[in-house]
Amino acid sequence: MKKSIFENKICGKHGYTLPQTAIDEYTTDSVSESLLRENKLDLPSLDEYSVSLHFRSLLADNDEYNKSECFHGVRYLRSVIDDVSKLDGFTGIHPYQLGDAGQGALELLFTAGHMISDMFGMDMFSLQSATKMQAMFTMLAIAKAHRQENDVKKNVILVSTDACKCALKTAAEFGFEVRVTDMTVDAVKSSLDENVLLLILKNPTRDGKFVTEISEIASLAHDAGVIVCCDASHVSSLIGIARPGDMGFDMMCFDMAEAFAISNSRGESACVAVGVKNEFTDYLPVPVVDIDEEEQYFFNYDRPKSIGKVNAFYGDFTAWIKALAFILTTGFDGFKEIAEVSALNVNYMKLLLSKEKSFVLKRFIFDNTAFEPSFSLDKSDIDEFAANYGKK
Amino acid sequence: MNISISNTTEQIREMCLALGISSPEELFSDIPENVKLKEPFTLPEALSEYDVKKVMQNLAGRNISASDAVCFMGAGVYDHFVPALVTKISQHASNLLNGAIDIASHGSILQIVYDYQEYMKKLTGMHSVSASDHDVSVAIVKAAKFACDDKAKKKIVVSRAVNPEYRKVLKTHCAAWNHELCEADCADGSTSVEELLEMCDENTACVIVQCPNFFGIIEQMKLLCDAVHEREILFIAVVDPLSLTIYKTPGEYNADIALGDGQTLGGTLSYGAPHFAFTGVSKEISDKYYLNSVINKNGVLMLKKPFDQQRLLSVITASAYIALMGNGITDVAKTCYSNAYYTYEKLTATTAFKAIFNKPFFREFAVKATKKNVNDINNRMLDYGMIGGFALKNEYSELGNAWLVAVTEKRSADEVELFVKEASRSI
């Protein structure tokens, strides 16, 4: 026997949003009492996620919806976001067709780029990198180009202890020397010397902590002429709370699927955005989307300082469609709420599993496993998960 | 209220109570006040589902799509027909993957990927094949890096007839690695064998040639590959899966690494968004080259590193496309072939265009416009609901006013007639 929709919690949530009409003169308050319904309507009112889950569990044939994945970083992808990415006017455009024939696509890239610049406190974003490895490559290539232009000889990359393998591998390909350090003021101070070109650190860290001394570390590095980069792999827990740009980072990269709920599978997306401050915008990969005097968008290739291309064409256009749709449907308050509920879910889960009291952002490591409950999960999901944890 | 959040106010209160805090904001107490956001960043208020759909439809509506227009543009991305069933399977798979299934252990999905690998082995003739990367340019970079590391050499020779997008990406990487990148000329539309071999010295790790090349021309792959191998240099072939149903496969001419774009196998144009790139390797290097492919170990399918959703979907789509086509995939290639030649003959029969290269081609060819600038022609084509060819002078200035035209199996005779008529009209 399957669960009926009426067995779900009935809690006055809702899974829809009304069109914004701007017409508000007429309300039903003026309807005559005799015409009004007598018994209050009492239907289950669920959020979109629960409705999807319910129908999926009923409709799934052999492929059971695997909710346990949602405790490990998988988020719920809203149907409308998936839908709009499949519009003919997006899937059917050729990358080389004339700008006049692709103004919508260009505007989309331009707008999305500006919005995320503002969200993360950067001045410009490149949309080209498909993988974290390419994003690391882009940041290091920019640092190298910047170094060449300023005629300095620095050759050391300082990375945090939780740095990804791809950062180390990419640095090695460039022939940089890698130095590993803890991310505290004292440790950084002792690792800094005149050979350090770049500092890459994760904030939040691999185990979900905020690097509390980040401002001090960044200014220390800046004083030594070091470029400070953020591997913002877990940045979604900060959107609406704090911006990497305000913490002193010169460059940052983040996976679009991590920051925005635009894909439901595990593993990275095909788009890792690279953001930079003004000093470094000239070096970003070509092309970038610009707007001319006649307010026509165009791909600007005329950027002599650019590091070149890191990927064919313009990156994962589909990911940008979804990202823009997600940003537009979420808004600032929505992002803040997501960050808060994520933090609440993860800390509650951590309390139940590890009984440990310190606060984390978005994720924690327990039992050698990374736990990262989705913001769509609720308390009862987490209670159930914790109650069954460790049992077969 | 955020409609993707299912915690109720009551549940939020209970969790706060358990954590000993009065509001979720206290969870961010580790973040120093000086870096906390003081003012909201500027975003429009959250749009409703209907409104966001309108915004996105409006943006999409301002693009000319190949689903409405008739597309004669190729240059690496091709407007092939995608059967409804393929779209349906892809959609079904997309829904399934949206159910957050851990694909690395999902038998039925691994089976599809495994089958795709088998298909690609048959198409390319390579020893093992995987959906290695998002994008061919990146697959080429990886292959070149492998060759350099394997041979402990720092020089890469690439034909100038390889797609300029790929060469640009390679160039960016070579600059980063301090590797030498030499481009062999292609004056008559195909790679100059003499010049290429002249560049192959004792420092050369690999040679990269594309077939059909950027101009659609079929290169002398066997000849090139043999000559390169004589010098103990790795031969990397950039191939097109459709053309391989007709032309010699990289397995047959003994390429060490063969790679190409999966877009032609059921993929959409999508503004050049990556679908997936496949990489095939020969038996000799298969132990050394890291391919993240599905392996069958005692009847159990396994994948080392899970694919991301986008690439996995593209692979499933390609697998469905090939499954549906079967041997008929050859007919697709043959139709492209005949359509392209038909168009070529018609265009060069007018006084407005003349042939540039006299070489065998597949699906795509270059002509020179004698009367009008090809950008103007392309603009006019848009008025007639057609997406014209690629203006070659952007990448090959020596070719002057040349036009690269791709003709897929989708194009009808009527469309070609209209295309030729409007393209050659002098006004």
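A few notes on this one:
- Of A:ILE321, A:ILE327, all but one fail to be over 19 Å from A:VAL235 (Cα atoms), open to solvent by less than 10 Å² (accessible area, probe 1.4 Å) and part of a helix (DSSP H, G or I); the exception is A:ILE321.
- Residues in segment A:101-126 that are touching a Leu at 6+ places or on another chain (Cβ under 8 Å) and at the interface with chain B (Cβ under 7 Å from one of its Cβ atoms): 8 in all.
- Enumeration of residues in segment B:67-79 that are surrounded by 23 or more Cβ atoms within 10 Å (Cβ to Cβ) and either in contact with a Ser or Thr (Cβ under 7 Å, 6 or more places away or on another chain) or within 23 Å of A:ALA325 (Cβ to Cβ) (or both): B:TYR78, B:ASP79
- Among the residues examined, B:ALA144 does not qualify as within 13 Å of the chain's Cα centre (by Cα) and within 14 Å of chain A (Cβ to nearest Cβ).
- Restricting attention to segment B:68-89 and to residues that are facing chain A (nearest Cβ under 10 Å) and more than 19 Å from the chain's Cα centre (by Cα), the residue that is farthest from B:VAL405 (Cα to Cα) turns out to be B:ASP68.
- Screening the candidates A:TYR76, A:TYR96 for the property of being under 19 Å from B:ASN378 (Cβ atoms) and hydroxyl-bearing (Ser, Thr, Tyr) yields one hit, A:TYR96.
- The residue of segment B:111-148 that is least open to solvent (accessible area, probe 1.4 Å), among those that are basic (Lys, Arg) and in contact (Cβ under 8 Å) with a residue 24 or more places away in the chain, is B:LYS145.
- Flag: A:LYS277 matches the condition of being surrounded by fewer than 22 Cβ atoms within 10 Å (Cβ to Cβ) and either among the small types (Gly, Ala, Ser) or under 26 Å from A:ILE241 (Cα atoms) (or both).
- Residues that are crowded, with 20+ Cβ neighbours inside 10 Å, of a type in the set (Val, Ile, Thr) and assigned to a helix (DSSP H, G or I), drawn from segment A:83-113: A:VAL84, A:THR91
- Residue within segment B:32-39 that is assigned to a helix (DSSP H, G or I), facing chain A (nearest Cβ under 8 Å), without any contact (Cβ under 8 Å) to a residue 40 or more places away in the chain and surrounded by fewer than 14 Cβ atoms within 10 Å (Cβ to Cβ) present: yes
- Between B:ALA406, B:ALA391, B:ALA423, the distinction of being touching a residue at least 24 places away in the same chain (Cβ under 8 Å), of a type outside the set (Phe, Trp, Tyr) and closer than 19 Å to B:GLY216 by Cα belongs to B:ALA406 only.
- Residues satisfying the stated conditions in segment B:172-187, i.e. within 7 Å of chain A (Cβ to nearest Cβ) and crowded, with 17+ Cβ neighbours inside 10 Å: B:THR172, B:ALA176, B:TRP177
- Long-range neighbours under 9 Å by Cβ, at least six apart or interchain, first residue within 19 Å of A:ASP82 (Cβ to Cβ) and more than 9 Å from chain A (Cβ to nearest Cβ) within segment B:306-321, second among the basic types (Lys, Arg) and part of a helix (DSSP H, G or I): B:ALA320/B:LYS88
- Scanning segment A:291-306 for residues that are surrounded by 11 or more Cβ atoms within 10 Å (Cβ to Cβ) and free of Cβ contacts under 8 Å to residues at least 40 places away in the same chain turns up A:ASN300, A:TYR301, A:ARG303, A:SER306.
- Of the numbered criteria (1) within 23 Å of A:THR170 (Cβ to Cβ); (2) among the charged types (D, E, K, R); (3) out of contact with any helix residue (DSSP H, G or I) (no Cβ under 7 Å at 6 or more places or on another chain), the one A:ASP223 fails is (1).
- Qualifying position, being surrounded by fewer than 16 Cβ atoms within 10 Å (Cβ to Cβ), out of contact with any strand residue (DSSP E or B) (no Cβ under 7 Å at 6 or more places or on another chain) and within 16 Å of B:ILE64 (Cβ to Cβ), among B:ASP383, B:ASP376: B:ASP383
- The residues of segment A:216-275 that are among the charged types (D, E, K, R) and more than 8 Å from chain B (Cβ to nearest Cβ), listed by number, are A:GLU216, A:ASP223, A:ASP231, A:ASP250, A:ASP255, A:GLU258.
- Test: residue in segment B:40-56 that is at the interface with another protein chain (Cβ under 7 Å from one of its Cβ atoms), of a type in the set (Gly, Ala, Ser), more than 21 Å from the chain's Cα centre (by Cα) and open to solvent by 30 Å² or more (accessible area, probe 1.4 Å): yes
- Test: residue in segment B:16-28 that is at the interface with chain A (Cβ under 7 Å from one of its Cβ atoms), closer than 30 Å to B:VAL162 by Cα, in contact with a strand residue (DSSP E or B) (Cβ under 8 Å, 6 or more places away or on another chain) and outside any loop (DSSP other than H, G, I, E, B): no
- Only one of the numbered conditions (1) of a type outside the set (Phe, Trp, Tyr); (2) more than 10 Å from chain B (Cβ to nearest Cβ); (3) in contact with an Asp or Glu (Cβ under 7 Å, 6 or more places away or on another chain); (4) open to solvent by 20 Å² or more (accessible area, probe 1.4 Å) is violated by A:VAL156, and that is (4).
- When residues of segment B:189-202 are limited to those that are assigned to a helix (DSSP H, G or I) and open to solvent by 10 Å² or more (accessible area, probe 1.4 Å), the one nearest to B:PRO360 (Cα to Cα): B:VAL193
- Those strands (runs of 3 or more DSSP E) of segment B:203-276 in which at least 1 residues are more than 22 Å from B:SER319 (Cα to Cα) and modelled with pLDDT of 95 or more, considering only elements entirely within it, cover B:204-211, B:234-239.
- Residue check, B:VAL162 surrounded by 19 or more Cβ atoms within 10 Å (Cβ to Cβ), within 14 Å of another protein chain (Cβ to nearest Cβ) and closer than 26 Å to A:ALA171 by Cβ: no
- Neighbours by Cβ (under 7 Å, 6+ apart or cross-chain): first from segment B:285-300, open to solvent by 70 Å² or more (accessible area, probe 1.4 Å); second in a strand (DSSP E or B): B:ILE295/B:MET302
- Given (1) within 16 Å of the chain's Cα centre (by Cα); (2) surrounded by 19 or more Cβ atoms within 10 Å (Cβ to Cβ); (3) at pLDDT below 85, number of the condition A:PHE71 does not satisfy: (1)
- Of all residues making up segment A:212-226, the number that are open to solvent by 10 Å² or more (accessible area, probe 1.4 Å) and closer than 22 Å to B:ASN34 by Cβ: 9
The values are calculated or read from the model by the stated rules, or taken from the named source; none is laboratory data. Just so you know, these numbers come straight off a predicted model, no measurement behind them. Positions of Cβ are backbone-derived with ideal geometry, glycine not excepted, and every protein chain shown enters the neighbour counts. In case anyone asks, the SASA skips ligands and DNA or RNA and just uses the protein heavy atoms, side chains included. Shrake-Rupley method; radii C 1.70, N 1.55, O 1.52, S 1.80 Å.
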